[in-house]
Amino acid sequence: MSSGEIRGLPGFRDFFPEEFALRRHIFSAWRRVGARYGFTEYDGPPLEPLELYTRKSGEEIVGQLYAFEDKGGRDVALRPEMTPTFARMMAARAAGLPKPVRWFSIPQLFRYERPQRGRLREHFQLNMDIVGETDPLADAEIIAAGIDALRELGLGAADIVVRVSDRRLVAALLDALGIPVREHLAVFAAIDRLEREGEDPIRGRLAAAGVDGKRADRLFEALRLPLADLMAAHGGERPLEEAAAGLQTVFSYLDATGFADFVRFDARLVRGLAYYTGTVFEIWDRRDELRAICGGGRYDDLLRALGGVNLPALGFGMGDVVLAELLRARGLVPSELRRVDDYIICVSEDERPTALRLARALRDQGRHVLYDLRARGVGRQFKAANQAGAARTIVLGPEEVGRGVVSLRDMGSGAEREIAIEALTRAAAAEVERASPESSE
Ligand code: HAM
């Protein structure tokens, strides 16, 4: 038998209280935004049939699967993304649901990637998806929700940018350059790597898809153009014009929402996953120092491919890893780990039963209450109250308790006063009613 320290796996996180507080802060913000946009929360199993991913997600993600055969001989995989599960579940229920359907989820996902800054082997993702709507207003709505999920955490247009494109537009461009449809997926995959790898290695990938050097140059050039210039250069092509018009409508809705500063067109953005069919977008930090925070788009064929239901869909996944890095870099991480409203201090153990009863009454009212878990001098109890960051202390002395009162000290101002124990519990009840705090999960 070997002995000694056992470490966690590379790319997997321990959430110590500080990290967990940030995780909860992020999830709470996501849940508030989900609710404000009328989305309801769901979840699925973390382990799925392998085929759910091999059918439609594309090479890159399939290469990163945690896949194995279970004891019943089934080929299974830990979920690397939520969209296939979402499509499977939605296809099973869609017939009975009024459209459009808006669901969100915060799953933990697993990808066997090389652990590096912003990329781990597990991460959490906010997934927001809409099913049953083809109108560009739905595309604008989902992008706005993504922006708001970040604004809710204190990020603004100076911190983040949404890059938006449309696969139909790029497909029309590929058609215009004479690249056959059967090569489009391979070319999308190559374009997706353009920014990470640079033009030269991508030329090789394009050549493998039958795109010669000259056409690769024309493609690179076109992909750099703003939408209006792209239209001017390749206008007249009907599918290209239609896709561009759709995209312009999305931009105009986002403009009307007040989010023009957050978004920009970028034809180089096609997304790595295979199932996207229309609008695609990613959210990046404005300084371009980190990896993508969020990615999504329209996938109008996936529900049919995975569940036999013909319904358009669109959505995004927003990861917690890069987001947490960005929040740290911008000083947007809340410092408060826990809130302590009351610290109860006993002068002697004779007051213990009264203290315990009082603590229960205050906790029943929703107040956050602490006290020492062993008999100690008053000075040390005050020190502990200070360390815990208590807002006030409640001191129980034998003489005061005999009169039915306690001594209340505001730890901020140092002001002290006596108050009847009964009044204290009643006051707490009234305070809780007034505050009616927002649910924190
Ligand atoms: P994705 O682009 O693969 O999309 O992932 C979305 C986000 O999840 C990324 O922008 C990134 O922040 C985060 N992420 C992905 N992989 C990792 C990793 N290994 N470590 C840390 N963070 C990571 C999807 O997953 C799509 N299913 C999103 C979607 C939903 N599309 C439509 N609906």
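Numbers below:
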item	result
Matching residues, region 32-44, being out of contact with any helix residue (DSSP H, G or I) (no Cβ under 6 Å at 6 or more places or on another chain), part of a loop (DSSP other than H, G, I, E, B) and within 16 Å of the ligand (Cβ to nearest atom)	PHE39, TYR42, ASP43
Pairs with Cβ under 7 Å, 6+ apart, first in region 299-310 and free of Cβ contacts under 8 Å to residues at least 12 places away in the same chain, second more than 13 Å from the ligand (Cβ to nearest atom) and not in a loop (DSSP other than H, G, I, E, B)	ASN310/ARG304
Subset of region 102-119 [in contact with a Gly (Cβ under 6 Å, 6 or more places away or on another chain) and surrounded by fewer than 19 Cβ atoms within 10 Å (Cβ to Cβ)]	PRO115
Residues of region 64-89 classified as within 11 Å of the ligand (Cβ to nearest atom) and either among the hydrophobic types (A, V, I, L, M, F, W, C) or part of a loop (DSSP other than H, G, I, E, B) (or both), total	7
Hits in region 211-237 - residues which are in a loop (DSSP other than H, G, I, E, B) and either outside the structural domain of ALA171 (by TED's automatic domain parsing) or modelled with pLDDT under 90 (or both)	GLY235, GLY236, GLU237
Residue within region 378-392 that is in contact with an Asp or Glu (Cβ under 7 Å, 6 or more places away or on another chain), modelled with pLDDT of 95 or more, of a type in the set (S, T, N, Q) and surrounded by 14 or more Cβ atoms within 10 Å (Cβ to Cβ) present	yes
Filter result for ILE147 (surrounded by 20 or more Cβ atoms within 10 Å (Cβ to Cβ) and in contact with a helix residue (DSSP H, G or I) (Cβ under 6 Å, 6 or more places away or on another chain))	yes
Set LEU240, LEU254, LEU273: member being within 15 Å of the ligand (Cβ to nearest atom) and assigned by TED's automatic domain parsing to the domain that holds ARG168	LEU273
Region 92-145, residues that are within 14 Å of the ligand (Cβ to nearest atom) and on the phi > 0 side of the Ramachandran plot	GLY118
Candidate set: region 51-67, residues that are touching a strand residue (DSSP E or B) at 6+ places or on another chain (Cβ under 8 Å) and modelled with pLDDT of 95 or more; chosen: the one surrounded by the most Cβ atoms within 10 Å (Cβ to Cβ)	LEU65
Within region 1-31, considering residues that are within 16 Å of the ligand (Cβ to nearest atom) and not in a loop (DSSP other than H, G, I, E, B), the one surrounded by the most Cβ atoms within 10 Å (Cβ to Cβ)	TRP30
One residue from LEU155, LEU177 being over 30 Å from ARG36 (Cα atoms), away from the ligand (no atom under 12 Å from the Cβ) and among the aliphatic types (A, V, I, L, M)	LEU177
Checklist (1) touching a Ser or Thr at 6+ places or on another chain (Cβ under 8 Å); (2) outside any helix (DSSP H, G or I) applied to THR277, failing item	(1)
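The values are calculated or read from the model by the stated rules, or taken from the named source; none is laboratory data. Because the structure is predicted, anything quoted here is derived from the model rather than measured. Cβ coordinates were reconstructed from backbone atoms using ideal geometry, including for glycine residues, and neighbour counts include every protein chain displayed.
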